[in-house]
Amino acid sequence: MDTFVVSLLNGAVYGLLLFMVSAGLTLIFGMMGVLNFAHASFYMLGAYFAYALEGTLGFWGALVASPFLVMGFGVAVERYFLRRVHHHGHAHELLLTFGLAFICAELIKLFFGNYPVNYRIPQAIDFAAFTVGSVGYPAYRVFMGGVALAMFGLMYLLLARTRVGIVVRSAIYKPRMVEALGHNVPVVFMGVFGVGAGLAGLAGAVAGAFYTTNPNMALELGAMVFVVVVVGGLGSLEGAMLASLLIGVVTSLAVSIDLSLADLLAHVGARDWAEAVGGLFTLKVSSLAATLPFALMLLVLLVRPGGLLGEKP
Amino acid sequence: MRTPVLSLRGVRKSFGDAEIIRGVDIDILPGERHALIGPNGAGKSTLFHLVSGNHRPTSGSIYLAGRRIDGQSPQAINRHGLARSFQITNVFPGLSVFENLRLAVMRPHRLQYSISRWIDGDRPVREETERLMDLVRLTARVHALAGELAYSEQRSLEIGMTLASNPQVILLDEPMAGMSREETAFTANLIREVTRGRALLIVEHDMDVVFSLAERVSVLVYGEVIATGTPDDIRADAAVREAYLGAEVPV
Amino acid sequence: MIRSTRHAGFAVAALVLLLVALPHLLSQGLLNAAIQMLIAALFACAYNLLCGQAGMLSFGHAAYFGVGAFATIHAMKALGGAGLVPTPFLPLAGAAAGLAVGAAAGWFATKRSGTYFAMITLAIAELLHSLAPHLKGWFGGESGVSAMRMPAFGISFGSTTHVYYLTMAWVLACLAALYLYTRTPLGRLTLGLRENSHRLAFLGYDVHRVSVLVFALSAMFSGIAGGLQVVNNEAANYVLFDMQLSAAPVLHAFIGGVKVFLGPAIGAALMTFFGYAVSDLTQSWLLYQGILFVLIMMFMPDGLAGLWFRCAAWRARVGTLRAMPGLLAAISAALLLAAGTVFTVELLQRLFAQDYRALARAAVTQPWPSVHLFGRDWLPGAVETWLVPLALLAAAGVLAVIAKRMVRTMSYATEPRGVTASTTPLAQAGSST
């Protein structure tokens, strides 16, 4: 029971982290029609910037400064790269962001080496916030979840209750009309892009200290983020939250399940046969944990192509 | 009484809460030229989308030569003998005029999955493509890219592609939109020629064209057909006048 | 395409002759590189069937390459190592696996279009990538699966030359097949998918079924490429499903030019060759490739092949003599840009390397010890060190502006969709394949 609760909490935290990264991506897509391949790179940059600044600003200082650096980087990408190819169409923008993500990963390898770096949470906060049964639950995990929830709350309030939010939401639906009303839509786009990048950077800075910080971070998370937006529905913030939590919890719970199809078939007396066949039948669910999100995505595509909370295509 | 080749019975369509088509009944007779007119926003394009399979009616039924087609996919409906053109030109911009027409011709020749023959050497396909090109007077532009054609040429190409499957029923959605006087006259004649023997349902705003081309006219207002008849009947109809010009107020 | 088909015919014939003669001209090491180049070229062209011709951007093509590779290695190992079929026919296993998995994956993926499609292809590749290490029976776990090439038809297939000729034969046959495909009805329909798949439905085509067919064909040829790789290496490992391998055909195809039939092959051959040639000299080869890709996407979307045709058209228009200054300026600008970028990257590479950093920490007399680069020692603290790349890049910029002014007329004359709607035959260069 304890392991179940811990797994559940871990899954929720991981899901919230996923959400922090996917929220920006789904907003940017909803607004600009651009699927930013380099979005997960912002996540990676957040972690690496925080690592690099840790020496001079301390852990917390770096944690605060890094997202702003990533935001600036995101704004520069939109202004100097994306805007140039905007007229060529969405496929072109997608390819450009793909190339940028590629370069980003290579640059990280250039400056920091092709191996994980030692970005750790400081000893001082490496304690247990509370205990579940006999095991202590790390305070930092709670912190990560808290940051994500705070971000969600802030974004929701910003979009729903402020003037800026109204302009942003209108620009998603009718950018030309908003422009005709006198708002500087390119600046709005730039702003949304930057904020999305900053959010991803924050997620990276926070998560990189807990999980590993290495040049493959973007790739590993990137695929997961795409699954989240497909499952949740492109452009839907609520969908992204739902899908992130779903994937986080499912993955986390699966890791602790040491059963396989063979065990299931044991109930009908076919265990020996299943084990003789091997392959997929003896594969434990725990090994499949990383694969489940992709299977979920394919399932959603079959049953509800627009995503769980997205529009019907 | 001839059996209609295209029949709409009680067709309704809502998008969310907005009901665009509110119960339409129309019969198109084989070989007739039938115009669909009405004020902007009446739902003419939506009706086309419903008939051609782009959208599914919320309720009601559509029959093509006795076969029920509402809710079927566009490709199925096309194979049953109905073809349509689009209000906004919908061709293959990066391909030549010849290629555009050939793509339309290949399917009726059942060549869609073929990888075992040389398309350039296929005589029937080539001749059919050339015939169509000649029919819509685009032979001089055979190698021009469709995206670079003049607007009226693109509309002619649209019509050509629509004819390729030898349909019983043709739907033309504002084929003359944005054309000059000469172009309109030319295209009207073209349409008259190429739709001989087929049923034609045409949406058009130019009243001269409607009255010269159509044998019967239906008037669609706010998603309902308020009148159907010969052009003269429609011209005289009080309800139609009211819809277009507003109600008469005794002074 | 090329204005004169006779020109094209001669060029292709000459290329084939060169390829046949290659083993007599190259060392074993270079011959191995040539094998890699051929395989990469086939993979890129197979990818382009889906991307450039059908207009469907796939980011997970490594899945079909990998599946083809593993099918082939198992065919190689089958029957106690004798092989399911004689060695020259082994890539057929790759073709079959690629076709089957491609059809299944394509069925899912083509249910959506554009961005969604791209994401689905990525996720399918990642699915295989995460699943493979766990299915040890099929994918061999960490160490992968290996087998040995068996002699067949009197040829031992032990030497690189034998493998080269086998690879060359398969790649040339597949490229020919891919070219002939473009002249079939389905091949023309593929272009229709790219130009306007929406209209195709109204013309009576089952767009989903056609898309699945095209996807499966693209995957089949990718599977053959994977099979050839495995015949060469005699081993297959689950890293074949890595994202890097999915990225490669994308980069190669666009660098080469997707609207020209052999564009992706040229891009792949060039990039593979450079990768091989400079891999000892630099660790940042992939970075250069990425920079080139981004530069092309931003400034030359029709790729190197497209650029070549535009230059040739311009040269034909203004005459070789008048074209010379502009071309020279442009080429010089490109070379200077490359030199400046390479210098900067290599310098940074060495500055941030682990051993240098250790050296810098340990150095007492000079805080930043010198870096050895291109045969000279450079001090990071010295101004000259940074002046060199700066000067190179500045010169490149100046020359680029000059070149642009000189060739300004080039763009107007040969832009296929220009405002001036030029009707010269030159305008057709780079348009429909």
Can you compute the modelled spin-label distance between A:N118 and B:R181, with each label point 7 Å from Cα toward Cβ, in nm? 8.8 nm
Going by the alpha-carbon gyration tensor, a ≥ b ≥ c the square roots of its eigenvalues, is segment A:211-264 rounded (a/c under 1.5) or, if a/c is not under 1.5, prolate (a/b greater than b/c) versus oblate? oblate
Calculate how steeply helix A:292-303 sits against the longest principal axis of the alpha-carbon atoms of chain A, using the helix alpha-carbon long axis, and give the answer as 0 to 90 degrees to the nearest 10. 70 degrees
What spacing in nm lies between the two simple spin-label points modelled at C:L17 and A:F111, each 7 Å away from Cα in the Cβ direction? 5.3 nm
Order B:58-66, C:43-51, B:10-18, C:285-293 from most to least packed using the mean count of other Cβ atoms within 10 Å. C:43-51, C:285-293, B:58-66, B:10-18
Applied in sequence order to segment A:216-221, the curve 6.51 cos²θ - 1.76 cosθ + 1.60 (Karplus, θ = phi - 60°) yields integer Hz couplings, x standing for Gly and Pro, of 8, 3, 4, 4, 5, 6
Which of A:K174/C:K111; A:K109/A:K284; A:K174/C:K404; A:K174/C:K259; B:K44/C:K111 exceed 31 Å between C-alpha atoms? The answer is A:K109/A:K284; A:K174/C:K404; A:K174/C:K259
Taking springs between alpha-carbon atoms closer than 10 angstrom, which of C:E384, C:E142, C:E195 fluctuates most in the Gaussian network model of chain C? C:E384
Using the Cα gyration tensor of chain C, with a ≥ b ≥ c the square roots of its eigenvalues, what is the shape: rounded (a/c below 1.5), prolate (a/b larger than b/c) or oblate (neither)? oblate
Taking only Cα atoms of segment B:1-85, what ratio of Rg to Rh do you get with Rh as the Kirkwood inverse-distance radius? 0.94
Is any residue of segment A:41-57 close enough, with backbone N under 15 Å, to a label point placed 7 angstrom from the Cα of A:A65 along the Cα-Cβ axis, and if so, which? A:46-57
Given the DSSP H assignment, sum -39500 (n - 2.57) over each helix run of at least 4 residues in chain A and divide by its residue total; what's the result at 222 nm in deg cm²/dmol, nearest 500? -23500 deg cm²/dmol
Could you order peptides B:94-101, A:30-37 by the average number of other Cβ atoms within 10 Å of their residues, highest first? B:94-101, A:30-37
Compute the whole-percent fraction of alpha carbon pairs in the protein assembly as shown spaced more than 59 Å apart. 16 percent
Residue by residue through segment C:203-214, what is 3J(HN,Hα) from phi via Karplus (6.51 cos²θ - 1.76 cosθ + 1.60, θ = phi - 60°)? Round to whole Hz and write x for glycine and proline. 8, x, 8, 7, 4, 5, 5, 4, 4, 4, 4, 5
Starting from the 7 Å offset along Cα-to-Cβ, what nm value, one decimal, do you get for the label separation of B:R241 and A:S170? 4.4 nm
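Enter the mean projected area of the convex hull around the alpha-carbon atoms of segment A:233-313, in nm², rounded to one decimal.
That works out to 6.2 nm², a quarter of the Cα hull's surface.
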Using Cα atoms only, what is the angle between the long axis of helix A:2-32 and the major principal axis of chain A, expressed in degrees (0 to 90) to the nearest 10? 30 degrees
Scalar couplings 3J(HN,Hα) for segment C:290-301 by Karplus 6.51 cos²θ - 1.76 cosθ + 1.60 (θ = phi - 60°), nearest whole Hz, x for Gly and Pro, are x, 4, 4, 4, 5, 4, 5, 4, 8, 10, 9, x
Tell me which residues come under 5 Å, amide H to amide H, from B:R33 once H is placed; ignore anything under 5 positions away on its chain. B:L200, B:E215, B:R216
Going by amide H atoms built from the backbone, whose H comes under 5 Å of the H on B:R84, apart from near neighbours? B:L171
Can you give the direction-averaged projected area of the convex hull of the alpha-carbon atoms in segment C:300-405, in nm²? 8.9 nm²
What does the structure give for C:320-333 when I average, per residue, the other chain Cβ atoms found within 10 Å of the residue Cβ? 0
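Taking R0 as 22 Å, what's the FRET efficiency between C:E142 and A:D258 from their Cβ-Cβ distance, rounded to 0.05?
Values: r = 21 Å, r/R0 = 0.96.
My answer for the efficiency is 0.55.
Over all distinct Cα pairs, what is the inverse of the mean 1/r for segment A:2-218, reported as the Kirkwood hydrodynamic radius in Å?
18.2 Å
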Please list the non-local residues whose amide H lies under 5 Å from the amide H of B:E224, H modeled 1.01 Å from N, same-chain partners needing a gap of 5 or more. B:R22
Expressed as an acute angle from 0 to 90° and rounded to the nearest 10, what is the orientation of the C-alpha long axis of helix A:163-173 relative to the principal long axis of chain A? 80 degrees
For segment B:114-226, what log10 I(q)/I(0) values come out of the Debye formula at q = 0.18 1/Å, with one point per alpha carbon and no solvent? -0.98
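Every read-out reported here was derived from the displayed coordinates using simple, explicitly stated rules and does not represent laboratory data. Computed from a prediction, not measured in an experiment: that's the story for all the values here. In this analysis, Cβ positions are derived from the backbone assuming ideal geometry, glycine residues included, and neighbour counts consider all displayed protein chains.
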